[in-house]
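The values are calculated or read from the model by the stated rules, or taken from the named source; none is laboratory data. As the structure is a prediction and not an experimental result, all values here were calculated from the model. Glycine gets a Cβ as well: all are built from the backbone with ideal geometry, and neighbour counts include every protein chain shown. Areas reflect the complete protein model, heavy atoms only, side chains present, ligands, DNA and RNA absent. Shrake-Rupley method; radii C 1.70, N 1.55, O 1.52, S 1.80 Å.
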Amino acid sequence: MSETPHRYTAELAQQIELAWQDRWQEEGTFHAPNPAGPWAEPEKVAGREKLLVLDMFPYPSGAGLHVGHPLGYIATDVFARYHRMTGKNVLHCLGYDAFGLPAEQYAVQTGQHPRKTTEDNMVVMKRQLRRLGLGHDDRRTIATIDPGYYKWTQWIFTQIYDAWYDPEAVRPDGGTGRARPITELVEQFESGDRPTPGGQRWSELSPAERSEVLDDFRLAYTSQAPVNWAPGLGTVLSNEEVTNDGRSERGNFPVFKTNLRQWMMRITSYADRLADDLDRVDWPDKVKAMQRNWIGRSQGARVAFPVVGRDASIEVFTTRPDTLFGATFMVLAPEHPLVDEIVPQGEWAADTNPAWTGGEATPEAAVAAYRLAASRKSEVERQTEGKDKTGVFTGAFATNPVNGQQIPVFMADYVLMGYGTGAIMAVPGQDHRDWEFAEQFGLPIIRTVQPSEGHPDDEPFTGEGPAVNSANDEVSLDGLGVAEAKAAIIEWLAAKGSGQPTVSYKLRDWLFSRQRYWGEPFPIVFDEDGVSHAVPDWMLPVELPDVPDYSPKTFEPEDASSQPEPPLGRVEDWVNVELDLGDGRGVRKYRRETNTMPNWAGSCWYYLRYLDPANDEAFVDPANEAYWMGPRATPVATAPAGATDPGGVDLYIGGVEHAVLHLLYARFWHKVLYDLGHVTSDEPFRKYFSQGYIQAAAYRDDRGQPVESSEVVEATDPDSGEVRYTWNGQSVAREYGKIGKSLKNVVSPDEMFEQYGADTLRVYEMSMGPLELSKPWETRAVVGAQRFLQRLWRNVIDEETGEVRVVDAPLDDATARALHRTIDAVSKDFPTLGFNTAIARLIELNNALTKLDAVPREAAEKLVVMVAPLAPHIAEELWQRLGHDESITFGTFPVADPALLVEDTVTCVVQIKGKVRDRLEVPADITEDALREQVLALPKVVAATEAGIRTVIVRAPKLVNVVPA
RNA sequence: GCGCAAGUGGCGGAAUUGGCAGACGCGCCAGCCUUAGGAGCUGGUGCCUUCGGGUGUGCGGGUUCAAGUCCCGCCUUGCGCACCA
């Protein structure tokens, strides 16, 4: 290139960037001091505000990074770097979520050990991340697969295992319900303060019996329950990992319900707190809504309907007890255990509606046939059938407790066993599903809420209105609104012993075991009675053994009858051990748990380990946790009045795909740790921000196959002006999609480093638009960011000589004002993640300096400081060349001078009838009257108001609107 | 179906409280420089125009001196939930 010798080119950028990355590493620039623990540097902590910045734990993928990945990392880095310049003690680092399915699958494909492939991937990713110039404290980089890390994952598991939820216990924050050590429960059983479920004395129970009792309380417990089994994947999955159409989120394999003994986490005990505490954190409303939705809390009542002619009653859950007078039939889920008990023997009653019988001769046969049909339906079929209600009469009747009416009991698969009680009272007048069912089966419909005016007669009314047709001898709801009617009827039901208020949740307990190799082993052994024992702390970690065959046993994806087989079960000499657990029983024979933990385990607490990764004595030193995570004096702005601050990470950025899974699981673990006194914060992530995605153009040929995007040629048709895309001579169609191998549209950051440098990539990504938006990548637009940095360079460095060309002259007034306006704008944008607008302001200032004959040092230096969070390498280099020895990392961010923000004169806009017709330069402090006078004297205004003036609106000094008569 | 977002130039996107629509960047156009330009610099760039101006923030209505912004109705796109009683 015949360029000027000292131009800021990609080559120079690269030199500068690598040099500064080396220096940062040598000097430990980003090492954040801790108040306590092995790395205690209290003297460096004192007197500084702290800031904990976090990215979502990345999985080290074999494909390396593409340009979409670093978006969030750059954003947190800019935020962290900005705050370092305001004097805060900032902790920002990144580790690796390195256990998991892809590594295992890749290892199986390549025949290498997953540890090897995972570690190789981590090396690649570390190099790429370092090249971006992220200001991470590299001492704190951890990986979930390190035994030193998963030792503490296992330790936390044992804490959860050895805990139970006491709904009566009072928390430090005044609420009731918290986890307590299981030993305190055992003491209650031993003392007799709490009766055992079977009524026997604790001392009379065998160890196995005791263990069974405790399993009903432990927060981590085994249970024989229907679980999601994916034969094609060879493992069971949590509800959250199964898609709506009954397939695995990973791999898209069919999932079947199978009864298996599995480890569960009692997350349902925390349902209320997980829902309520969303009010106290600063998260996107959308994500809060998704979590609330998943928890699915609904207030309602349980009501018992006695079965006619039997000593049994059907208990239902309803959110609309106020509509009880309109309950004209009942429906049980096909799996409901009471069905067998209530179905009458023999023939149908003579007057039975033939449409109710399913064409069977007896109720028993009808029920059996329907059950069989229902059990054969897959989730998909149940869903695609949509609103076509199916069902069958059970032959039984139940009594509506409010009016004594005998109503038929049906069985139908639109009622789910997994929610509420698995039985409903059907109120067709006020419920769409019940209405459809009633229509289908010719059942009576009674309105008990007066529909609003104009409501169609042939539709249920689910809105608000006064109750009607809702009275018996003792209670009348008529005329009451929905809320009052609910309260009134619940009170009456409670007095009668027929019902009580209750709360129901969609949230189920968390299935926690997986039949995989590449995960944390459970710190659990079973003795010869089959009783589970936590492996004591001093024996942790339970290391994952090396095995010859780590591939999971998978099956035909459709083979629902198959059973999972954990790979660790094949390692006999690891499974069968003789141990002294230190419980006074001496050395005994045990069998190890052969399941492994799900991928979520390691990511449930990694942010806590960042705080104190070298600590061998504790998962985190309490003082470090309190310092970095502890509650703040003032709650978040959106918190309800009187709420206390939960503490937690100051800023967490990551993709919305983890809105339910990871964020919910981590909150649960954190709350258990809080209850057990291990942490002072009761939420892990005080502020969470979900970033958008970067998408990229992808192109498909005639057959719909993606073609390599980088080989597509764009041309504008000279006749029509249309833009056409061709690949190897054939025309292809453009679309936008996720960056990845499948769409053949990967752009690697490595290419960007080479063509432009890391600073340019950083500035480009941050300038693309608001962080929360998804936006398309456009490689040819990257040059805009490069031009900005080149002009910045040229404002400071002479491209011919390489000498600093700033002058030690005072700022002229216009430059001073431009500078301080920029400082003002940028220091508002950085803390609110408004990086795109901050960059726009910086470009404006830079362009203004370009037009000066000579750039004053003060302006150049302040501009360089403001650019530093975004483009740290060039900023460091310019800062040094401007004569500063210290890294710019802790340079002081400039503060705007308020005096320079107010203008002496302003352009006043003169509108006539709301349209801009003229402008006027006026003093900023002009009075309304003076301004009105000046405006009315303008020739254009005079001309327009010959017919008189109706009104004049004056908003001094910026606007006057004249309305002619 | 229900719920929640969002619709602004050729493109990504800016616009305190309602007060100059289109900051900044890409692209495009012109000029300069250059042997050359997929480099750089300078200027221009919503649309229409008879060069006076007109018109313009998904569509239709409304409130207002004044609406991208507030209200009502619709359309489109994206996301979430989907028999949750």
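Please check which bits of region A:514-554 a label hung off A:H113 would reach, taking the label as a point 7 Å along Cα-to-C-beta and the cut-off as backbone N under 16 Å.
Residues A:517-521, A:543-551 qualify, since their backbone N sits under 16 Å from the label point.
Could you give the radius of gyration (one decimal) and Dmax (whole number) of the Cα atoms in chain A, in Å?
Over chain A's Cα set, Rg and Dmax evaluate to 34.5, 108 Å.
Return the long-range amide H neighbours of A:F522 (sequence gap of 5 or more, or a different chain), with a cut-off of under 5 Å between placed amide H atoms.
For A:F522, whose amide H was placed from the backbone, the distant partners under 5 Å are A:M597.
With a probe of 1.4 Å, find how much accessible area chain A has per residue, and write the answer as a whole number in Å².
Each residue of chain A exposes 44 Å² on average to a 1.4 Å probe.
Mind checking which lysines have their Cα closer than 24 Å to the Cα of A:K377? Skip sequence neighbours fewer than 8 apart in that chain.
Hits, sequence-local ones excluded: A:K257, A:K387, A:K389, A:K506.
Whenever you get a sec, compute what percent of the accessible area on region A:65-223 sits on carbon and sulfur atoms (1.4 Å probe).
C and S fraction of accessible area: 49 percent.
What FRET efficiency comes out for A:E360 versus A:S223 if R0 is 41 angstrom and r is the Cβ-Cβ distance? Round to the nearest 0.05. Provide the component values of the computation, followed by the final result.
Details: r = 35 Å, r/R0 = 0.86.
It comes out at approximately 0.70.
Could you state the angle between the C-alpha long axis of helix A:835-850 and the longest principal axis of the C-alpha atoms of chain A, as a value from 0 to 90 degrees rounded to the nearest 10?
Once rounded, the angle reads 0 degrees.
Over region A:379-525, what percent of the accessible surface lies on carbon and sulfur atoms, probe 1.4 Å? Walk me through the intermediate numbers first.
Working: 3090 of 6370 Å².
So the carbon and sulfur contribution to the accessible surface is 49 percent.
If I ignore ligands, DNA and RNA and count only protein heavy atoms, how much of A:Y505 is accessible to a 1.4 Å probe, in Å² to the nearest 10?
The accessible area comes out at roughly 50 Å².
Under a Cβ-Cβ cut-off of 14 Å, what is the net charge of the residues other than A:L94 that fall near it, where Lys and Arg count +1 and Asp and Glu count -1?
Charge balance near A:L94 sits at +2.
Near A:Q128, within a Cβ-to-Cβ distance under 12 Å, what is the net charge of the other residues, with Lys and Arg +1 and Asp and Glu -1? Show your work: numbers first, answer last.
Working: positive: A:K126, A:R127, A:R130, A:R131; negative: A:D750, A:E751.
So the environment of A:Q128 carries a net charge of +2.
Can you tell me the FRET efficiency between A:D808 and A:V902 if r is taken as the Cβ-Cβ distance and R0 is 22 Å, rounded to the nearest 0.05?
On the way: r = 27 Å, r/R0 = 1.25.
In this case the efficiency is close to 0.20.
Given 0.36 nm per residue, what is the gain on full extension from A:E921 to A:M539 after removing their alpha carbon distance, in nm?
Difference between extended and current length: 129.5 nm.
Label A:Q25 and A:D549 with points 7 Å out from Cα along Cα→Cβ: what is the distance between them in nm?
4.2 nm
How long is the gain from A:E928 to A:V660 if the chain were fully straight, where each residue apart is worth 0.36 nm and the alpha carbon distance is subtracted?
90.9 nm
With labels modelled as points extended 7 Å from the Cα through the Cβ direction, what inter-label distance (nm, one decimal) is found for A:R180 paired with A:R791?
6.8 nm
Where does the Debye-calculated log10 I(q)/I(0) of region A:18-173 sit at q = 0.10, 0.15, 0.20, 0.21 Å⁻¹, using only Cα point scatterers of equal weight, no solvent?
Calculated log10 I(q)/I(0) at the listed q: -0.50, -0.97, -1.29, -1.34.
Using label points projected 7 Å from each Cα along Cα→Cβ, tell me how many nm separate A:T832 and A:Q406, to one decimal.
Output for this residue pair reads 6.9 nm.
So if we plug the beta-carbon distance of A:E714 and A:N252 into 1/(1 + (r/R0)^6) with R0 = 56 Å, what FRET efficiency do we get, rounded to 0.05?
Efficiency, from the Cβ-Cβ distance: 0.95.
Arrange the residues A:W574, A:W538 by how much accessible surface each exposes, largest first, with a 1.4 angstrom probe.
A:W538, A:W574
Show that you can apply the helix-only estimate: for chain A, add -39,500 (n - 2.57) for every DSSP H stretch of four or more residues, divide by all residues, and state [θ] at 222 nm to the nearest 500.
Numbers: 29 runs with 302 residues, N = 965.
One gets -9500 deg cm²/dmol as the mean residue ellipticity at 222 nm.
Hey, which lysines would be in cross-link range of A:K88, C-alpha to C-alpha under 18 Å, not counting anything within fewer than 8 residues on its own chain?
A:K44, A:K50, A:K687, A:K828
May I ask for the net charge around A:I160, where only other residues with Cβ less than 9 Å from the Cβ of A:I160 are counted and Lys, Arg are +1 while Asp, Glu are -1? List each step's numbers first, then the result.
On the way: positive: A:R218, A:R266; negative: A:D162.
Taking every other residue near A:I160 into account, the sum is +1.
Can you list the lysines whose alpha carbon sits under 30 Å from that of A:K589, skipping same-chain ones fewer than 8 residues off?
The qualifying lysines are A:K151, A:K553.
Place a label point 7 angstrom from the Cα of A:D285 along the Cα-to-Cβ direction, then list the residues of region A:625-669 whose backbone nitrogen is under 13 Å away.
A:638
Express in nm, to one decimal, how much length is gained between A:L416 and A:T4 on full extension, taking 0.36 nm for each residue of separation and deducting their alpha carbon distance.
Extra length from A:L416 to A:T4 when fully extended: 140.9 nm.
Over region A:550-629, with every protein chain in place, what whole percent of the accessible area is carbon and sulfur at 1.4 Å, could you tell me?
46 percent
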